[in-house]
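J.: Just dropping this structure here.
The values are calculated or read from the model by the stated rules, or taken from the named source; none is laboratory data. Note that the coordinates shown come from a computational prediction; the quantities given were computed from them, not determined experimentally. Here Cβ is always computed from backbone atoms with ideal geometry, including for glycine, and neighbour counts include all displayed protein chains. Protein only, heavy atoms only, side chains kept; ligands, DNA and RNA dropped before computing areas. Shrake-Rupley method; radii C 1.70, N 1.55, O 1.52, S 1.80 Å.
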Amino acid sequence: EHLGLKLYQNRPTNVLAELVSNSWDADAGEVWIDINKEHLAVYDNGIGMDRETLVGHYLIIGKRKRIAENIEVLSPKKRKYMGRKGIGKLAPFGIAKKISVITISQKDKSCCWFEIDLTELLDESSSSESSEFKYRPEVIYDSVSINDIELSRDKHGYVKEFLVKTKSLGGTLIIMDDLSLKRTVSSSQLMEALGRRFTVTLIRNDFNVLINGQLVTEKQSLPEFSYREPEEGFTEETVNFGGVDRLIKYWVGFVKEAEWPQDQAGV
């Protein structure tokens, strides 16, 4: 409750941003966010997860991705991990009561598909204070071949879309059902939220985020600058840090008037 429900309650843009950061860590090239009034989906073409990764990492709450030993480790696509505390996987419960996880391992093309019902999870939690916690997700597929996947449980069509867009080569799909939101997530607000959090990554050619099929660009996600230095791209400098020469790329943008609240001010 404290790590998922209360931390992300009624904050859909924060929830979706957490899932996008997971896609970044999974070395995805594309992330698709589909917004519907009654359900949401985030899916990517990253490395996906096999059963061992699901059990040993994803389903363990608070298993940190970044530790002292891997702080400088880069992914195969030369990315540093965004994930820190290992609780972002709980974020969807801040806005949805049912979560479906469908993942295809890029390594062996096996598919795992399971669903978690928040109501049942909380009921089991409240009744298991002095006994073993026995809640189990509903497992639809456990390490099966992609060719054996039946789409009869694909009530929104997201799984079919996921398989088509990823060419069944690997990736993860998160479906959020029974939303607790009072209003539909705004595409424009989501673009702005992603712009604030993924300012640098959105400009990279190897990481594209699409909302209802529309690519999120720097221009859409960031405010209109009255002055930007340089006008396009980055300024590059080499800085010696810790005895190592590092290439630093940066730009600076100024607005005439801030359109965001004081608590979001800063650099």
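J.: Cross-link candidates for LYS219: which aspartates and glutamates have Cα within less than 12 Å, leaving aside residues fewer than 8 places away along the same chain?
T.: GLU192, GLU232
J.: On to the next question. With Kirkwood's inverse mean 1/r over C-alpha pairs for Rh, give me the Rg to Rh ratio of the stretch 190-267, two decimals please.
T.: 1.02
J.: Sort VAL252, VAL42 by heavy-atom solvent-accessible area, probe 1.4 angstrom, most to least.
T.: VAL252, VAL42
J.: Assuming 0.36 nm per residue, please report the length gained on full extension of the stretch SER186 to GLU232 beyond their Cα-Cα distance.
T.: 13.8 nm
J.: Using only the alpha-carbon atoms of the chain as identical scatterers, what base-10 log of I(q)/I(0) does the Debye formula give at q = 0.09, 0.14 Å⁻¹?
T.: Listed by q, the Debye log ratios stand at -0.46, -1.07.
J.: Please work out how much length the chain gains when fully extended from GLU138 to LEU74, using 0.36 nm per residue of separation minus the C-alpha to C-alpha distance, in nm with one decimal.
T.: Taking 0.36 nm per residue and subtracting the Cα distance, the gain is 19.6 nm.
J.: Tell me the carbon and sulfur percent of the accessible area for the chain, rounded to whole percent, probe radius 1.4 Å.
T.: Here carbon and sulfur together make up 49 percent of the probe-accessible area.
J.: In deg cm²/dmol and to the nearest 500, what is the mean residue ellipticity at 222 nm of the chain if only DSSP H runs of at least 4 residues count, each as -39500 (n - 2.57), divided by the residue total?
T.: About -5500 deg cm²/dmol.
J.: Restricting to the chain, compute how many DSSP beta bridges are antiparallel as a %, nearest 5.
T.: Roughly 90 percent of the beta bridges in the chain run antiparallel, per DSSP.
J.: At a probe radius of 1.4 Å, what is the per-residue accessible area of GLU124, in Å² to the nearest 10?
T.: Surface accessible to solvent at GLU124 totals approximately 50 Å².
J.: Peptides 8-15, 149-156: what's the order by average Cβ count within 10 Å, highest mean first?
T.: Descending mean neighbour count gives 8-15, 149-156.
J.: Please work out the average accessible area per residue across the stretch 1-59, using the 1.4 Å probe convention, and give it in Å².
T.: Heavy-atom accessible area per residue stands at 44 Å².
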